[in-house]
Amino acid sequence: MAVTERITMTMQELDRFKLIQDVTDGRLKPWRAAERLGLTTRQIRRLVTRYR
């Protein structure tokens, strides 16, 4: 039987997570996510790598 766990995120963390997910899925360009989060494209690439 699968066990599910619950985590708590702030709205800001959830928005960041969804943007990284969109970049990973190819729905959003890394430079656009960087612009929206106020980060560099290199930081976005590192976050995407950690997410994967």
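Straightening the chain between T49 and R32 buys 4.4 nm, computed as 0.36 nm per residue apart minus the Cα-Cα spacing. Using the average count of surrounding beta-carbon atoms within 10 Å as a protection proxy, the listed peptides 28-34, 13-19 rank, highest first, as 28-34, 13-19.
Among (i) 2.00; (ii) 1.26; (iii) 1.22, only one was calculated for this model; which label is it, if the read-out is Cα Rg over 2.2 N^0.38 Å? Only one option fits the structure, namely (ii).
Each reported figure results from applying straightforward, stated rules to the coordinates on display, with no laboratory input. As the structure is a prediction and not an experimental result, all values here were calculated from the model. Using ideal geometry, Cβ is built from the backbone for each residue, glycine included, and neighbour counts are taken over all protein chains shown.
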